[in-house]
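Note sheet for the following structure.
The values are calculated or read from the model by the stated rules, or taken from the named source; none is laboratory data. These numbers come from a predicted model, not from an experiment. Cβ placement follows ideal geometry from the backbone for every residue including glycine, while neighbour counts extend to all protein chains displayed.
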Amino acid sequence: MNTQWSPASWREKPVQQMPDYADKESLAEVEQLLSTFPPLVFAGEARKLKAALAQVASGHGFLLQGGDCAESFAEHHADGIRDFFRVFLQMAVVLTYAAASPVVKVGRIAGQFAKPRSAAFETQGELALPSYRGDIVNDIAFDAASREPDPRRMVMAYRQAAATLNLLRAFAQGGYANLDHVHQWTLGFVKGSPQSSRYQVIADRITETLAFMRACGIDPDSTSQLRSTDLFTSHEALLLGYEQALTRIDSTSGEYYATSGHMLWIGDRTRQLDHAHIEFARGVKNPIGLKCGPSLDPEDLIRLIDILNPANEPGRLTLISRFGADKVFDHLPQLIRAVEREGRKVLWSCDPMHGNTVKANSGFKTRPFDRVLAEVENFFAVHRAEGTHAGGIHIEMTGSNVTECTGGAKAISDDDLSARYHTHCDPRLNADQALELAFLIAENLKRERDTHPERHVAAQ
């Protein structure tokens, strides 16, 4: 591979999943404009995330990564951001207690606007139009004007990301993340869940722990860590013109960082070894994720690791497996063995969403919760068998009680899907399902903690 890299070197490579803009002059003008805008995140924040992920990769901690399938312009409301943040914190507290280790919180938010598609065109009746590729590219309405890729949407996405980040920072540092508040919200969920008896044990233990800490004088009023938190942002690095325009040289290190988000990932459809998306990702110093689907063989995985993380730096690379519940045992063990054999330092995370999408009898695209859970359970089982650390979860979720994924404790059925099916792209876990998943993951983390007490770092 040519070792000469620049933010624009991806343009010399073949590229997949990029929109075909008719107005190239307008595209160039927008990209130039974006290159003059302030960074959305700072290099120091990305380095802090990388250090935290390095600890997880070594077995000390867990990565919680989640958020919207695709952020939309129309649904950009403070309440939606607050509701997501609230559920995400509840999940993190449950997982932190179960693992007795830090949970690194990375949202799919403030930048998750672009989506890859399986087909370039969508047909309704006899009309074929460009597929919807996310609000940063075109509009979901099915008419010719709406589906035409519009470069100006990148500016709208940037401004929405900036506003979202501003609110998230305020929530994280301004008192909304108070641990007492978060736990009270969780107790409300447990009380209202049909599976309350299963979750009550963990909830009661957290209550007792907080009471003990308060008796010792450790409470949110006296301890800043109990009233604030770190939340990082991430998105798929798909629209490379946007990413290039927001790539900056860090003044302290002289290295390039993508300032569109703290962490970027490369999707399963764009991870070709010699193509543009891998070329871009290899040069920025942010933490990088790589989606690993059934078509990825161990040899290509090692090649990709060596391109994306040639220095074998802990925390740099997160491998996000996404096979489908019934394919985990067929594919994940051989990937883990190859990585272990070659001594590569990675963080293993599980995306239980994308391999478990089905079409319901009602016609809606959905994801059965039992299959989502099964993929997570199988992910943990494989890592237990291989003696490696199941380090994270990557989910599509919302803080609202939508009806997009069937199942869960409240048993959403195919007939229920139409009630609140709001997604612009793929089905998401609703607030209750996401928190339910956190409790079920907590059981696995507790089992791992009991098996590997050396990974218990709460007292360190």
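List the strands (runs of 3 or more DSSP E) inside segment 63-178, counting only whole elements, that have at least 1 residues being in contact with a His (Cβ under 9 Å, 6 or more places away or on another chain) and either touching a residue at least 40 places away in the same chain (Cβ under 8 Å) or β-branched (Val, Ile, Thr) (or both). Show your work before the answer.
On the way: elements: 103-108, 121-124, 127-130.
In segment 63-178, 103-108 are the strands (runs of 3 or more DSSP E) which contain 1 or more residues that are in contact with a His (Cβ under 9 Å, 6 or more places away or on another chain) and either touching a residue at least 40 places away in the same chain (Cβ under 8 Å) or β-branched (Val, Ile, Thr) (or both).
Yes or no, residue by residue, for (1) within 16 Å of VAL87 (Cα to Cα); (2) touching a strand residue (DSSP E or B) at 6+ places or on another chain (Cβ under 8 Å); (3) modelled with pLDDT of 95 or more:
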| residue | (1), (2), (3) |
| --- | --- |
| ASN138 | no, yes, yes |
| ALA144 | no, yes, yes |
| MET154 | no, no, yes |
| ALA162 | no, no, yes |
| ALA172 | yes, no, no |
| GLY175 | yes, no, no |
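Quick check on ASP426: is it assigned to a loop (DSSP other than H, G, I, E, B) and under 30 Å from PHE73 (Cα atoms)?
On the way: assigned to a loop (DSSP other than H, G, I, E, B): yes; under 30 Å from PHE73 (Cα atoms): yes.
It is true that ASP426 is assigned to a loop (DSSP other than H, G, I, E, B) and under 30 Å from PHE73 (Cα atoms).
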Of the residues in segment 214-230, those that are loosely packed, with under 15 Cβ neighbours inside 10 Å, closer than 22 Å to VAL103 by Cβ and modelled with pLDDT of 85 or more number 1
Residues of segment 291-322 being touching a helix residue (DSSP H, G or I) at 6+ places or on another chain (Cβ under 6 Å) and either hydrophobic (A, V, I, L, M, F, W, C) or free of Cβ contacts under 8 Å to residues at least 12 places away in the same chain (or both), which ones? LEU301, ILE302, ILE307, LEU308, LEU317
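Quick check on my filter: what residues within segment 27-37 are of a type outside the set (S, T, N, Q) and in contact (Cβ under 8 Å) with a residue 60 or more places away in the chain? Explain how you work it out, then say what you get.
Keep residues of segment 27-37 that are of a type outside the set (S, T, N, Q), which gives 27-31, 33-34, 37.
LEU27, GLU29, VAL30, GLU31, LEU33, LEU34, PHE37 - these are the residues of segment 27-37 that are of a type outside the set (S, T, N, Q) and in contact (Cβ under 8 Å) with a residue 60 or more places away in the chain.
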What residue, among those in segment 420-439 that are over 15 Å from LYS410 (Cα atoms) and of a type outside the set (Phe, Trp, Tyr), is surrounded by the fewest Cβ atoms within 10 Å (Cβ to Cβ)? HIS422
Regarding segment 111-126, can at least one residue be identified that is surrounded by 21 or more Cβ atoms within 10 Å (Cβ to Cβ) and either of a type in the set (A, V, I, L, M, F, W, C) or under 19 Å from PHE439 (Cβ atoms) (or both)? yes
Which of the residues that make up segment 397-413 are assigned to a strand (DSSP E or B) and surrounded by fewer than 22 Cβ atoms within 10 Å (Cβ to Cβ)? GLY407
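For (1) free of Cβ contacts under 8 Å to residues at least 24 places away in the same chain; (2) touching a helix residue (DSSP H, G or I) at 6+ places or on another chain (Cβ under 6 Å), each residue gets a yes or a no:
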| site | (1), (2) |
| --- | --- |
| ILE206 | no, yes |
| PHE212 | yes, no |
| GLY217 | yes, no |
| THR223 | yes, no |
| ARG227 | no, no |
| THR233 | no, no |
| LEU238 | no, no |
| TYR242 | no, yes |
| ARG248 | no, no |
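Scanning for something free of Cβ contacts under 8 Å to residues at least 12 places away in the same chain, in a loop (DSSP other than H, G, I, E, B) and not basic (Lys, Arg), does segment 265-283 turn up at least one residue?
Pass one, segment 265-283, residues free of Cβ contacts under 8 Å to residues at least 12 places away in the same chain: none.
No - not one qualifying residue is present in segment 265-283.
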Got a number for residues in segment 327-372 being among the acidic types (Asp, Glu), part of a helix (DSSP H, G or I) and within 18 Å of ILE441 (Cα to Cα)? 1
Among (1) closer than 26 Å to ARG344 by Cα; (2) in a helix (DSSP H, G or I); (3) among the polar types (S, T, N, Q) - the single one THR388 does not satisfy: (2)
Which residue, of PHE37, PHE62, is aromatic (Phe, Trp, Tyr), more than 22 Å from ASN430 (Cα to Cα) and modelled with pLDDT of 95 or more? PHE37
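Inspect segment 222-231 for any residue being assigned to a loop (DSSP other than H, G, I, E, B), within 20 Å of the chain's Cα centre (by Cα) and under 30 Å from PRO14 (Cβ atoms) and give the result as yes or no.
First, pick out the residues of segment 222-231 that are assigned to a loop (DSSP other than H, G, I, E, B): 222-223, 227-231.
Remaining after also requiring within 20 Å of the chain's Cα centre (by Cα): 229-231.
Still in the running and under 30 Å from PRO14 (Cβ atoms): none.
Checked against the condition, which is being assigned to a loop (DSSP other than H, G, I, E, B), within 20 Å of the chain's Cα centre (by Cα) and under 30 Å from PRO14 (Cβ atoms), segment 222-231 yields no hits at all.
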Within segment 6-45, can you find the residues that are under 30 Å from LYS105 (Cβ atoms) and touching a Lys or Arg at 6+ places or on another chain (Cβ under 7 Å)? GLN17, PRO39
On the given criteria, is ASP415 farther than 25 Å from MET91 by Cβ and touching a Phe, Trp or Tyr at 6+ places or on another chain (Cβ under 9 Å)? no
Go through segment 15-26 and count every residue that is touching a residue at least 12 places away in the same chain (Cβ under 8 Å) and more than 26 Å from the chain's Cα centre (by Cα). 5
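Across segment 179-209, what is the number of residues that are outside any helix (DSSP H, G or I) and either within 22 Å of ASP219 (Cα to Cα) or among the small types (Gly, Ala, Ser) (or both)? So that I can check it myself, show each step before the final result.
Residues of segment 179-209 that are outside any helix (DSSP H, G or I), as a first pass: 193-195.
Add one more test, that the residue is either within 22 Å of ASP219 (Cα to Cα) or among the small types (Gly, Ala, Ser) (or both), and what stays is 193.
Of the residues in that region, 1 qualify.
Yes/no per residue for (1) buried (at least 21 other Cβ atoms within 10 Å of the Cβ); (2) among the hydroxyl-bearing types (Ser, Thr, Tyr); (3) modelled with pLDDT of 95 or more:
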| residue | (1), (2), (3) |
| --- | --- |
| THR357 | no, yes, no |
| GLY387 | no, no, yes |
| ILE395 | yes, no, yes |
| LYS446 | no, no, no |
Answer from GLU279, GLU236 - the residue that is among the charged types (D, E, K, R) and out of contact with any strand residue (DSSP E or B) (no Cβ under 6 Å at 6 or more places or on another chain): GLU279
